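**Q** Structure in structure tokens, see below.
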Ligand SMILES: Nc1ncnc2c1ncn2[C@@H]1O[C@H](COP(=O)(O)OP(=O)(O)O)[C@@H](O)[C@H]1O
Ligand SMILES: [Mg+2]
């Protein structure tokens with residue numbers, strides 16, 4: 001008696017080699033590997049008692065399965081288009097368990113059409129992402145870029161605008177196949193199968209955002225087959241999920257999948273070359289220019305004159321830091337996420353000193369001083385690290401007279417480089 005997984009391997013083998021009655025280990029590896037299946041999953045067909053010659057095994061003993069397996073596939077395919085075919089026709093292949101598991105209600109999985117973010121400012125390759133998602137074809141995309149640069153928001157917002165269901169998976173080094181595909185859980189004394197986010201997305205034709213994929217371990221090798229758009233085999237139930245139209249995967253990473261050379265993202269590992277190859281397009285989220293930063297920050301503004309003024313300093317400061325970073329003259333940046341936080345601090349306390357000092361407090365001393373120094377030059381204020389923060393309020397009076405901010409800042413960058 002073969003297990004469901006073994007039947008699956010055999011079926012895939014015969015699908016690809018319809019008239020072949022002799023198999024080599026390499027034949028099985030070829031059909032099994034894309035699904036993340038291993039030698040132990042098809043070992044039964046490589047039993048020494050069936051060896052015909054060196055490295056060749058006869059499949060005669062399994063011939064009785066051939067019709068059943070190829071028919072099941074046909075029934076499943078018909079089922080995709082003709083829903084009136086009774087479900088019982090396929091259960092023999094779906095699961096052989098006596099107590100047929102209940103499939104979990106998908107409302108609990110985090111799958112939803114995201115809310116549109118009124119603060120969102122489209123720029124860069126956002127248009128492309130929208131086109132890809134709108135097309136509904138399977139087209140895996142990888143987006144790399146520094147943390148807080150707007151990778152996740154691009155995907156979430158595109159789904160919101162296009163009213164497409166979306167599900168997000170945050171990858172850590174602990175993430176394994178169970179987290180992606182699903183697991184058995186005990187619920188009210190009953191064992192129920194709960195689909196994981198990828199399976200849910202595949203069944204619903206949703207966009208699956210795999211966030212920070214470069215923190216993964218080899219335990220997510222099953223992604224390989226999925227990234228090729230193949231049916232997903234859930235080994236633990238024997239269910240095969242053929243992705244519904246609209247299913248797509250977008251993955252993000254802080255590095256370009258080649259680890260972090262400068263040690264900034266200490267958990268980022270080297271994403272397997274094979275995994276990277278599966279993505280059709282690889283976008284890099286670069287730093288937005290000053291105008292775009294200004295636009296983004298303005299979308300969060302309370303529109304008071306103080307805030308408006310602060311935003312113009314803030315966006316100039318942030319984009320100068322980007323330019324300096326790109327020339328390798330400083331080791332850190334103020335991300336869009338952090339710039340938004342600094343703006344919020346400002347709006348709360350109406351105090352630029354406090355906002356900037358709190359905003360840079362996580363960096364080391366040298367970096368903090370460099371950031372404050374540049375902000376002073378941009379704004380005409382004199383914020384020092386050891387300053388009390390409650391006596392400076394921003395107004396044009398604080399601007400040193402006749403100071404050309406651009407000239408000052410450029411010379412600051414020149415000194416650093
Ligand atoms: N284009 C944008 N429009 C509005 N806000 C943005 C934009 N890009 C980034 N942000 C802000 O920065 C935060 C971080 O963006 P996010 O997409 O989570 O970054 P990443 O995924 O690259 O780490 C968002 O929550 C949002 O507040
Ligand atoms: Mg993100």
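The values are calculated or read from the model by the stated rules, or taken from the named source; none is laboratory data. Fair warning: this is a prediction, and the values are worked out from it, not measured in the lab. Here the Cβ is made from the backbone with ideal geometry for all residues, glycine too, and neighbour counts use every protein chain on show.
**Q** With in a helix (DSSP H, G or I) and away from ligand 2 (no atom under 16 Å from the Cβ) as the only criterion, which of 158, 202 stands out?
**A** That would be 202, the only listed residue that is in a helix (DSSP H, G or I) and away from ligand 2 (no atom under 16 Å from the Cβ).
**Q** Here's something else I'd like to know. What number of residues within the stretch 173-182 are surrounded by fewer than 19 Cβ atoms within 10 Å (Cβ to Cβ) and under 15 Å from the mean Cα position of the chain (by Cα)?
**A** Of the residues in that region, 3 qualify.
**Q** While we're on this one: If you take the residues in the stretch 22-38 that are over 19 Å from residue 223 (Cβ atoms) and surrounded by fewer than 17 Cβ atoms within 10 Å (Cβ to Cβ), which one is farthest from the chain's Cα centre (by Cα)?
**A** 22
**Q** Within the stretch 162-172, identify whether any single residue is in a helix (DSSP H, G or I), away from ligand 1 (no atom under 13 Å from the Cβ) and either at pLDDT below 95 or buried (at least 19 other Cβ atoms within 10 Å of the Cβ) (or both), and answer yes or no.
**A** The answer is no, given that none of the residues of the stretch 162-172 is in a helix (DSSP H, G or I), away from ligand 1 (no atom under 13 Å from the Cβ) and either at pLDDT below 95 or buried (at least 19 other Cβ atoms within 10 Å of the Cβ) (or both).
**Q** Give the residues of the stretch 128-155 that are more than 16 Å from ligand 1 (Cβ to nearest atom) and either part of a helix (DSSP H, G or I) or touching a helix residue (DSSP H, G or I) at 6+ places or on another chain (Cβ under 6 Å) (or both), sorted by residue number.
**A** 131, 132, 134, 135, 139, 140, listed by residue number.
**Q** So, residue 6, is that one modelled with pLDDT under 80, assigned to a helix (DSSP H, G or I) and over 30 Å from residue 170 (Cβ atoms) or not?
**A** No: the conditions fail for residue 6.
**Q** I need the full set of residues from the stretch 173-194 which are in a strand (DSSP E or B) and in contact with a helix residue (DSSP H, G or I) (Cβ under 7 Å, 6 or more places away or on another chain), in order please.
**A** Passing the criteria: only 182.
**Q** Right, another one. Search the stretch 117-128 for residues that are more than 21 Å from residue 142 (Cα to Cα) and pair each with any residue that is away from ligand 2 (no atom under 15 Å from the Cβ) and not in a helix (DSSP H, G or I) when their beta-carbon atoms are under 7 Å apart and the residues are at least 6 apart or on different chains.
**A** 119/300
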